[in-house]
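The values are calculated or read from the model by the stated rules, or taken from the named source; none is laboratory data. If you're wondering where the values come from, they're calculated on a predicted model, not measured in any experiment. Glycine also receives a Cβ, built like all others from the backbone with ideal geometry; neighbour counts cover every protein chain displayed. For the accessible areas, the whole protein counts, side chains as well, though only heavy atoms, and no ligand, DNA or RNA atoms are used. Shrake-Rupley method; radii C 1.70, N 1.55, O 1.52, S 1.80 Å.
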Amino acid sequence: MPHDVKDLRRALGLYATGVTVITTRVAGTTVGLTANSFTSISLAPPLLLFCIGRSRNSFDAFREAPSFAINVLSSSQRELSDAFASSGQEKWSGVEYQDDRLGNPVFSESAAAFSCHRREIIDAADHMIVIGEIADYRQRQDALPLIYCRSRYCLPVDASSVAAA
Ligand SMILES: Cc1cc2nc3c(=O)[nH]c(=O)nc-3n(C[C@H](O)[C@H](O)[C@H](O)COP(=O)(O)O)c2cc1C
């Protein structure tokens, strides 16, 4: 189908998602990027996936790394999302994190964090689909998850509290 890429992106942008920062560590160096392609696959076994573009600086790191962490961002982490949507190691400057059980960076304000062993990689055009198995996780049920829709950050509102549009 011939299509206008900008128009298609606008259409896809109507699908609201959460926002994650996915991290790993390669030869002691921290690596991370903002991603909204995160999806859970199955509960037993506990599998999830994300997609990463070939042009990303961190592409090779995620191809090689045996494990990674998915930080599901909360409403207080918009700046973190912006920082990790840029390239360059400066994105880590001033960022506080802890190492999870697999040695990958997680942020204490994240709504949830999933520590994963890489299970499979699938090449898909100019992206790669990374499938992970959850080895450990933590959650903050009091956190308000950050939402991304129509290229903007949003906050979740309980639909029953709003008149139908
Ligand atoms: C909300 C949001 C979601 C994003 N989702 C993805 C994604 O799922 N996969 C991806 O490869 N890039 C995604 N990006 C773009 C990367 O975060 C961006 O290209 C970043 O600079 C990559 O960092 P790197 O070049 O250091 O790897 C997203 C950006 C934003 C703002």
Among residues of the stretch 63-86 being open to solvent by less than 70 Å² (accessible area, probe 1.4 Å), in contact with a Lys or Arg (Cβ under 8 Å, 6 or more places away or on another chain) and within 26 Å of E120 (Cβ to Cβ), the residue farthest from the ligand (Cβ to nearest atom) is S67
Residues of the stretch 115-141 classified as closer than 14 Å to S74 by Cα and either touching a residue at least 12 places away in the same chain (Cβ under 8 Å) or open to solvent by less than 10 Å² (accessible area, probe 1.4 Å) (or both), total: 3
Flagged in the stretch 31-55 as more than 14 Å from the chain's Cα centre (by Cα) and not hydroxyl-bearing (S, T, Y), in numbering order, are I41, L43, A44, P45, P46, L47, R54
Scanning the stretch 142-154 for residues that are open to solvent by 90 Å² or more (accessible area, probe 1.4 Å) and in contact (Cβ under 8 Å) with a residue 24 or more places away in the chain gives R150
Determine, yes or no, whether L14 is in a loop (DSSP other than H, G, I, E, B), hydrophobic (A, V, I, L, M, F, W, C) and farther than 14 Å from V130 by Cα. yes
Restricting attention to the stretch 97-114, which residues are of a type in the set (G, A, S) and in contact (Cβ under 8 Å) with a residue 24 or more places away in the chain? G103, S110, A111, A112, A113
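Does the stretch 18-55 hold any residues that are part of a loop (DSSP other than H, G, I, E, B) and either farther than 24 Å from S76 by Cβ or more than 6 Å from the ligand (Cβ to nearest atom) (or both), and which are they? Can you show your working first?
At the first step, the residues of the stretch 18-55 found to be part of a loop (DSSP other than H, G, I, E, B) are 19, 27-28, 36-38, 44-45, 54-55.
Result: A27, G28, F38, A44, P45, R54, S55.
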If you check every pair at least six apart or on different chains, which have Cβ atoms under 8 Å apart with a residue in the stretch 39-63 that is free of Cβ contacts under 8 Å to residues at least 12 places away in the same chain first and a residue that is near the ligand (Cβ under 10 Å from one of its atoms) second? T39/F50
Matching option when the condition is over 17 Å from G18 (Cβ atoms) and more than 10 Å from the ligand (Cβ to nearest atom), among D60, D99: D99
